[in-house]
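Report on the structure given below.
The values are calculated or read from the model by the stated rules, or taken from the named source; none is laboratory data. All values reported here derive from a predicted model rather than from experimental measurement. Glycine also receives a Cβ, built like all others from the backbone with ideal geometry; neighbour counts cover every protein chain displayed.
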Amino acid sequence: MPSSVQRKRIRKSPADRRAEIVDAAATVALTEGLECITLRRIGEELDVRPGLISHYFPAVEDLVGEAFGSAASAEIDRLVPADRPDGTPVQHLARFFAHATGEAYDDISRLWINARHLSRYRPVLRDRVATQEEAWRGRLEGLIREGVARGEFRTDDPYVTTIQILVVIDGLGAHANTDTSNRPPAVMRMAVAIAERELGLPSGMLTRLADELGTGPVGAPAATGDDLPAAGQPANPT
């Protein structure tokens, strides 16, 4: 009789298993939507029984909140790392805009649209959305304050400037589900233009720096000329 070799399952620690479940749910959230997170769906994703998922998350709403938080936290860590040993604040801001605008950011924009809509009816998710919004504001405001302290940015109120930037990014991201191929470059570059204006930077500087850093386009073509200071130099006086 033919013999069969039974695959040996590796028993994971509770922490590793929980992290695996959250990672799988975050992937489903980004690719399919938060509504698609169910105990059965995540069980299928991991090839385990739904009962194992419910052991760690008895209420699926808790898993939905964790999935959103995990995906949103990973994105902010990529866009504005908490630890920034290399580069200047203006370079980090240029990198932020290069990754936070355009088609590459559409998946996370869709997730935020999805989460904000569902949070009207789901208290756990609503609390998590508020936490992540605060984290985004704090991380970007911290970068702006660092730039002000180093003389690279100039603004009377870093908090207000942060809100202005994020409101425009959110407004542009709200159209992630629609065709924006005909959107004028000036519109695509609105968040960058506001940041440059409010932080005392020359128009086009952040786009130019993003190109130099190899992080991709930020919107419209950068301005050129001797009026663009080198990275790390103080903002233009007015």
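Structure summary
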| quantity | calculated |
| --- | --- |
| Test: residue in region 164-173 that is over 15 Å from TRP112 (Cα atoms) and either of a type outside the set (Phe, Trp, Tyr) or modelled with pLDDT under 90 (or both) | yes |
| Any hit, region 91-111, residues being touching a residue at least 40 places away in the same chain (Cβ under 8 Å) and farther than 25 Å from ALA186 by Cβ | yes |
| All positions within region 121-159 that are surrounded by fewer than 19 Cβ atoms within 10 Å (Cβ to Cβ), among the hydrophobic types (A, V, I, L, M, F, W, C), touching a residue at least 24 places away in the same chain (Cβ under 8 Å) and more than 15 Å from ALA67 (Cα to Cα) | ALA135 |
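Condition check ((1) in a loop (DSSP other than H, G, I, E, B); (2) surrounded by 14 or more Cβ atoms within 10 Å (Cβ to Cβ); (3) free of Cβ contacts under 8 Å to residues at least 24 places away in the same chain) across all residues:
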{"position": "GLY43", "(1), (2), (3)": "no, yes, yes"}
{"position": "ILE53", "(1), (2), (3)": "no, yes, no"}
{"position": "PRO58", "(1), (2), (3)": "yes, no, yes"}
{"position": "ASP62", "(1), (2), (3)": "no, yes, no"}
{"position": "GLU66", "(1), (2), (3)": "no, yes, no"}
{"position": "GLY69", "(1), (2), (3)": "no, yes, no"}
{"position": "ALA72", "(1), (2), (3)": "no, yes, no"}
{"position": "GLU75", "(1), (2), (3)": "no, yes, no"}
